[in-house]
Amino acid sequence: MKNRDTQATWRYHDGTKHSYWSIRSDPHFLDWANRPLPFKIYPTIEPLPFPRDVPQTGVAALSAIAQPLLPWSGEVAPDLQDLARILYFSAGITKQRKDPGGEIYFRAAACTGALYEIELYVVTGDLKGLDAGVYHFNPAEVSLRLLRKGDFRGNLARATALRPTVARAPATIICTGTYWRNAWKYQARTYRHFGWDHGTLLANMLAISAASGLPSEIVLGFVDVEVNNVLDLDTRREVAWCLVPIGRTSEHLSPAPREAAALGLETIALSKREVEYPAMLEMHDASSLDSEQEVAQWCGKQPVSASHTTASEAVWLQPLPKEEEPTDTIEEVIQRRGSSRKFDPTKSITLAELSTILDSATRGTPADFLEPFGIQLNDLYLIVHAVQGLRPGAYFFRRQQNALELLKEGEFRAEAYHLGLEQQLPADACVDVFFLADLNRILERCGNRGYRAVQLEAGVIGGKIYLAAYAQRLGATGLTFFDDDVIHFFSPHAKDKSAIFLLAIGKPMKKSREAF
Ligand SMILES: Cc1cc2nc3c(=O)[nH]c(=O)nc-3n(C[C@H](O)[C@H](O)[C@H](O)COP(=O)(O)O)c2cc1C
């Protein structure tokens, strides 16, 4: 089974690390004349517009983020308005701005380079207002396009080895990654970005589904070829990454799988020419699951328990009491979210604000690779610059105890500037949150697909941090980093771990949005 040959992951991971020298010796430049289209367009299919006046959930953002686990019992099906809300607040256009390279359509969730390489599809049975079919979501028009008529949910049930949440879902969203749309800028590192950018989008999707009273979860275990065939993807360009079943039917049997013949549908070319990065195709192939039997076993259910040294000094988190939490709804917060472009280095945040962010972002994510509910693949390490009630320094977040362990005290703004790819944002932030993971343990448990899982989980937690920060009217931004230097900075505690993700939180200097 190629998923178990985990050298493939190490080849990809080590081969796509950023270092001081790799950045300086990279001859890559942005070819603006060949910039990819930000949307997948099927020109020969008529759009089915979504209703415009979709009711808001009224659920406070912090509650929506922290409570994504609804019971999978009884019958609860999304209607067309629910689907419109979920898709729009996951991937819809929330703002637009002119840029020297052209118009930029900013979306509901943060995305590396504002390149938006994640596409969403819906596979449904008959719903109120929507006939059974396979649909593509177009964020530019907030519409669906019917790719296949009829009920194909049985194909997803079979592809997931009859995972009950998928087998009994009235509708399942499939998220895919389009290599070139992101690789135009980031080259082979895009496969990591697939995980991050899926993750931020999924943080929104889980929160808005929960706020809509619809259970949902992330499913990474599926036979790749089967799901890609349902969407008729050209897999050298675009691949399915995860499924998100929405709601639950009372049907006891999922519909029988159907023949998914090639569709040969025309789509508009993204660019005049595309560059293929073999390292990503190899990583994807090595982390693909080929049979239902493999799907049933790909990820053991034991918690990944890491052994940590005892706390030298720990500060307990002190989240805001419920009655003092901001009440802005999840829709309001998603609508106003945007990555901070400049932080004010003279400002600080409170320990209560930081605690509320960490607490609500790490309560657990419903996902097949995070069972039993509550386990986490990524460990959070912090560089604290300006948090009232915390001494500046490097910390480890002891999630089980909800405490921050001081690893080393000191002013580390210069180090943060360097670790965050020599950008000012991590130096001026109030706190930088680094995501590190013990890749060896994860790969041992889940094979190469564990690499998809760990990147995606980081993106989900990062996406929740964005929302929890903006709910409290703070700023945040995802960042990229020098891999090995991050590990070196947090060692010896972080010895043998790998750097996965970075996010900075602070007080924004002024409101403006631009693509990094
Ligand atoms: C994983 C991740 C990494 C990012 N890395 C950087 C970065 O290194 N520098 C930067 O200025 N912005 C970075 N961003 C912010 C993106 O540029 C931003 O999300 C994108 O332009 C969309 O804008 P918005 O977040 O305001 O909607 C990152 C975002 C994500 C999600």
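Each reported figure results from applying straightforward, stated rules to the coordinates on display, with no laboratory input. The structure presented is a predicted model; accordingly, all values stated were derived computationally and were not measured. Every residue, glycine among them, receives a Cβ derived from its backbone with ideal geometry; neighbour counts consider all protein chains shown.
Summary table below
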| quantity | calculated |
| --- | --- |
| Segment residue 441-residue 259, length gained on full extension (0.36 nm per residue, minus Cα span) | 61.7 nm |
| Highest average packing first - 438-448, 142-152, Cβ atoms within 10 Å | 438-448, 142-152 |
| Additional length obtainable on full extension of the chain from residue 291 to residue 26, 0.36 nm per residue less Cα span | 91.5 nm |
| Principal axis dimensions, segment 39-139 - Cα atoms, whole angstrom, descending | 52, 39, 24 |
| Spin-label model distance (nm) - residue 274 vs residue 373, 7 Å beyond Cα toward Cβ | 3.9 nm |
| The chain, relative contact order [Cα under 8 Å, separation at least 6], % | 20 percent |
| Alpha-carbon Debye profile of segment 354-423, log10 I(q)/I(0) at 0.15, 0.17, 0.18 Å⁻¹ | -0.59, -0.72, -0.79 |
| Mean Cβ neighbour count within 10 Å, used as a protection proxy, ranking 465-473, 315-323 highest first | 465-473, 315-323 |
| Exposure proxy order (Cβ contacts within 10 Å, fewest to most) of 1, 283 | 1, 283 |
| Highest to lowest packing among 193-201, 48-56, scored as the average C-beta count within 10 Å | 193-201, 48-56 |
| Directionally averaged shadow of the chain, computed from the convex hull of its alpha-carbon atoms, nm² | 22.0 nm² |
| Residue 473-residue 402 FRET efficiency (beta carbon distance; Förster radius 25 Å; 0.05 resolution) | 0.60 |
| Placed amide H near residue 430: partners under 5 Å, 5+ positions off or other chain | 505, 506, 507 |
